[in-house]
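First the structure, in the form of structure tokens, and then the observations on it.
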Protein chains: 2
Amino acid sequence: MNKKEGLGMVRTKFFTFAEGTNKLVLSSGQRIGPITLAYETYGSLDKDKSNAILIAHALSGDAHAAGFQEGDKKPGWWDVMIGPHKAFDTTKYFVICSNVLGGCKGTTGPSSINPKTNKPYALEFPLITVSDMVNAQKYLIDHLGIKKLLCAAGGSMGGMQALQWVASYPECVRSVIPIATAWKHSPQQIAFDEVGRQAVMADPAWKKGNYYGDTKPERGLAVARMIGHITYMSDQSMEEKFSRKLKDKNYSFSFTADFEVEGYLRYRGDSFVKRFDANSYLYITKAMDYFDLSGGKLILQGKDIDTRFLMIAFQSDWLYPAYQSREIVHFLKTRFANVTSCEIKSSYGHDAFLLENDEQAHLIKHFLKSTHNQTKDEKR
Amino acid sequence: MNKKEGLGMVRTKFFTFAEGTNKLVLSSGQRIGPITLAYETYGSLDKDKSNAILIAHALSGDAHAAGFQEGDKKPGWWDVMIGPHKAFDTTKYFVICSNVLGGCKGTTGPSSINPKTNKPYALEFPLITVSDMVNAQKYLIDHLGIKKLLCAAGGSMGGMQALQWVASYPECVRSVIPIATAWKHSPQQIAFDEVGRQAVMADPAWKKGNYYGDTKPERGLAVARMIGHITYMSDQSMEEKFSRKLKDKNYSFSFTADFEVEGYLRYRGDSFVKRFDANSYLYITKAMDYFDLSGGKLILQGKDIDTRFLMIAFQSDWLYPAYQSREIVHFLKTRFANVTSCEIKSSYGHDAFLLENDEQAHLIKHFLKSTHNQTKDEKR
């Protein structure tokens, strides 16, 4: 990859709020503060602050969505989509991405220091919801002086946050692009998350969350991540990538990894634990399981909203199947919302939204352009 | 369930072979003996021994396929299919089911005593394959004086064994009924097995397999089983059974099981570890991953066989998708084999083959009848 073609070097910034007695009230009723959000911005905010796009990340993402940081071998997690002349065109738009509340990449979460005890929160950290994540993002948007986002976009849990913006702050979001997502987790999605959590909690090193400064529950978290990886790919993409290829010529007749797919999963599990906090994994998956905007909660009855929707799903995505996206589209039509939807052909499964995909890029580019033009027309 | 309608009380029997220097040579080249097989039989063998059906079980099954044993609250694992006037009609056929080599339900496996050390084998037990399992079954069939099975049948790994009978002993098997199965594991199937094994091996109580007489790796095995259970059901059947139903009225905002599906998985994981050996789980899943009869190995080129095939797949089974069954059917047709195939509509996923299913029962009943009649005609 040529670094010159993209955003070049970027830096993570930090914003702290909910200080003193102004704590953030969470969905659970608990209060938390202060909260620091890690965030990055790309491009420039225009004079009337009408070109801001919020990008929301998935379970294991972070604020570093694009460009390179000092020492990076790979760019941010959605660099294929964000940059000059890319889908989220940073020559036109001001793109913001923040690490979610409860995360472990600079934003306050269970591994942060609890000011009451001067030790990491661990399970003293309150459970959070997608709505809480979005409330925290709203503080950041206010801080940046933005009254209305041109768009909130993201895949998987990022798509949930985009939908939550509509439910929580419809007047603050001109459009949303929820990708490969659902408005509620199905029991199968809850089940996969729960097994991941059980794998973490089954690790004796987890010690009810109090492992900071000690051995981490790496084996458990690696198993959780391996399960995740299977669900992010499709049967077909695994066949194309691995088939039954062996690491060596013959079966080992032992419990070492015989097949390339086994080696790959072990590698992905092991590398994940180096960069992610096990407790954050628990908190964030639980937030996804709690998420439920079905039954009219996405747009309350009688509420008139002008948010435009671009819904994207991928045909081989069996973790967030296209029917979940269609459910949302169906509802939006009953509310006479402005919605464009597309099911993109791809064999890459849930991972498809993260990969280079011309159709996705094209759809988003044109949707943003027409939304932006419309916004400018309205202001004239 | 009325016990009088079924087989009533049944008893597990045992057969020991490969004693002294006559050890069984395994696919790996290693030798093992003596071997004890646990098995049950239902119905009576007819005079010319032409009515014997071998039932092969799946990963977590055992020899107790039907009827009740002393103290049983539930009958054997395929009681819906085996008994008087059922699909495998014990008024007509002599039905045999044995626990697989490497198992933990009475057949020699890693938890058995190694005669060399007088301690459980643990990982000293050699790796076994589906072919080794079938070779052990062949000893039992010989012992019972049966030259040719009327049928070898089973679902999932049971179906692999049925196919292996064709590959290993085509002259000894008049027909086979491979259900919800594949002739080779795809990388996705290997991946799910591998994650299960990693979950077991991540449990410090596993101690490289040397946990006998000590704390068992129950947490790890429970996680493995939970992953399995998700793959045995379908998205739809989970939705129908659980939806997003909560155990209590509201979210707990803690890491206890909020959703019924979470409670169910935890329960199934916990109850499995009481009845299954973790090392057997490793050995048997590895045997399934090694299984590969593709590329002409099922019926060697130029080999003329008279085995009849009834291939059954279930439409909502995403663990052993119907396309894997179709691959086998396609191959069989190129070999001019006598094959009937059916994809049964069901929302129950992979579990469908274990559940009461009229269409499956009907297909099997008629297939067995016509095979049996044809066999009798040939002898006239």
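The values are calculated or read from the model by the stated rules, or taken from the named source; none is laboratory data. Only a predicted model underlies this, so the values are computations on that prediction, with no experimental measurement involved. Every residue, glycine as well, gets a Cβ built from its backbone with ideal geometry; the counts of neighbours run over all protein chains shown.
For segment B:295-315, does any single residue satisfy the condition of being surrounded by 16 or more Cβ atoms within 10 Å (Cβ to Cβ), more than 24 Å from B:VAL223 (Cα to Cα), within 21 Å of the chain's Cα centre (by Cα) and within 14 Å of chain A (Cβ to nearest Cβ)?
No, the conditions are met nowhere in segment B:295-315.
Taking into account only those residues within segment A:247-263 that are touching a Phe, Trp or Tyr at 6+ places or on another chain (Cβ under 6 Å) and outside any loop (DSSP other than H, G, I, E, B), which is nearest to the other protein chains (Cβ to nearest Cβ)?
Among residues in segment A:247-263 that are touching a Phe, Trp or Tyr at 6+ places or on another chain (Cβ under 6 Å) and outside any loop (DSSP other than H, G, I, E, B), the one nearest to the other protein chains (Cβ to nearest Cβ) is A:VAL261.
Is it fair to say A:ALA38 is out of contact with any helix residue (DSSP H, G or I) (no Cβ under 7 Å at 6 or more places or on another chain), assigned by TED's automatic domain parsing to the domain that holds A:ALA153 and outside any loop (DSSP other than H, G, I, E, B)? Break it down stepwise before answering.
Numbers: out of contact with any helix residue (DSSP H, G or I) (no Cβ under 7 Å at 6 or more places or on another chain): yes; assigned by TED's automatic domain parsing to the domain that holds A:ALA153: yes; outside any loop (DSSP other than H, G, I, E, B): yes.
Spelling it out, A:ALA38 is indeed out of contact with any helix residue (DSSP H, G or I) (no Cβ under 7 Å at 6 or more places or on another chain), assigned by TED's automatic domain parsing to the domain that holds A:ALA153 and outside any loop (DSSP other than H, G, I, E, B).
So which residues in segment B:42-65 are within 14 Å of the chain's Cα centre (by Cα) and assigned to a loop (DSSP other than H, G, I, E, B)? So that I can check it myself, show each step before the final result.
First, pick out the residues of segment B:42-65 that are within 14 Å of the chain's Cα centre (by Cα): B:54-65.
Matches in segment B:42-65: B:HIS57, B:ALA58, B:LEU59, B:SER60, B:GLY61, B:ASP62, B:ALA63, B:HIS64, B:ALA65.
Just name the residue that is nearest to B:SER28 (Cα to Cα) out of those in segment B:96-127 that are among the β-branched types (Val, Ile, Thr) and under 15 Å from the mean Cα position of the chain (by Cα). Before the answer, list the steps.
Step one: list which residues in segment B:96-127 are among the β-branched types (Val, Ile, Thr), which gives B:96, B:100, B:107-108, B:113, B:117.
From the residues that got through so far, the ones that are under 15 Å from the mean Cα position of the chain (by Cα) too are B:96, B:100, B:107.
Numbers: B:ILE96: 27, B:VAL100: 17, B:THR107: 19 Å.
Per the criteria, the residue is B:VAL100.
Looking only at residues that are under 20 Å from A:GLU171 (Cβ atoms), more than 14 Å from chain B (Cβ to nearest Cβ) and touching a Ser or Thr at 6+ places or on another chain (Cβ under 8 Å) in segment A:106-135, which one is surrounded by the most Cβ atoms within 10 Å (Cβ to Cβ)?
Start the filter on segment A:106-135 by keeping residues that are under 20 Å from A:GLU171 (Cβ atoms), which leaves A:130-135.
Remaining after also requiring more than 14 Å from chain B (Cβ to nearest Cβ): A:133-135.
Filter once more, so that each one left must be touching a Ser or Thr at 6+ places or on another chain (Cβ under 8 Å): A:134-135.
Details: A:VAL134: 26, A:ASN135: 21.
For segment A:106-135, the residue satisfying everything is A:VAL134.
Restricting the search to segment B:70-93, which residues are in a loop (DSSP other than H, G, I, E, B) and aliphatic (A, V, I, L, M)? Write out each step before concluding.
Here is the first cut: in segment B:70-93, the ones in a loop (DSSP other than H, G, I, E, B) are B:70-81, B:84-87, B:90-93.
Matches in segment B:70-93: B:VAL80, B:MET81, B:ALA87.
Could we say that A:THR117 is part of a loop (DSSP other than H, G, I, E, B), within 17 Å of A:ASP214 (Cβ to Cβ) and polar (S, T, N, Q) here? First the steps, then the outcome.
Values: part of a loop (DSSP other than H, G, I, E, B): yes; within 17 Å of A:ASP214 (Cβ to Cβ): yes; polar (S, T, N, Q): yes.
So A:THR117 passes the test.
Would you point out the residue of segment A:215-237, among those that are assigned to a helix (DSSP H, G or I) and more than 26 Å from A:ASP203 (Cβ to Cβ), that is nearest to the other protein chains (Cβ to nearest Cβ)?
At the first step, the residues of segment A:215-237 found to be assigned to a helix (DSSP H, G or I) are A:218-232, A:235-237.
Now drop any that are not more than 26 Å from A:ASP203 (Cβ to Cβ), which leaves A:235-237.
On the way: A:ASP235: 5, A:GLN236: 9, A:SER237: 9 Å.
Of everything passing the filter in segment A:215-237, A:ASP235 is nearest to the other protein chains (Cβ to nearest Cβ).
May I ask you to say which residue of A:ARG275, A:ARG244 is within 21 Å of the chain's Cα centre (by Cα), free of Cβ contacts under 8 Å to residues at least 40 places away in the same chain, farther than 22 Å from A:ALA191 by Cβ and not assigned by TED's automatic domain parsing to the domain that holds A:GLY103? First the steps, then the outcome.
Working: A:ARG244 fails: within 21 Å of the chain's Cα centre (by Cα).
None of the others qualify; the one that does is A:ARG275.
Do you know which residues across segment A:155-208 are within 14 Å of another protein chain (Cβ to nearest Cβ), within 20 Å of the chain's Cα centre (by Cα) and among the aromatic types (Phe, Trp, Tyr)?
A:TRP183, A:PHE192
Here is a check on your reading of the model: is B:VAL273 within 10 Å of another protein chain (Cβ to nearest Cβ) and closer than 30 Å to B:LYS105 by Cβ? So that I can check it myself, show each step before the final result.
Values: within 10 Å of another protein chain (Cβ to nearest Cβ): no; closer than 30 Å to B:LYS105 by Cβ: yes.
Answer is no for this residue.
Could you list all residues from segment B:131-154 that are under 18 Å from the mean Cα position of the chain (by Cα) and among the basic types (Lys, Arg)?
Listed by number, the list holds a single entry, B:LYS138.
Here is a list of conditions, (1) away from chain A (no Cβ under 14 Å); (2) farther than 13 Å from B:SER175 by Cβ; (3) in contact with a strand residue (DSSP E or B) (Cβ under 8 Å, 6 or more places away or on another chain); (4) outside any helix (DSSP H, G or I), and B:PHE336 meets all of them except one; can you say which number that is?
(3)
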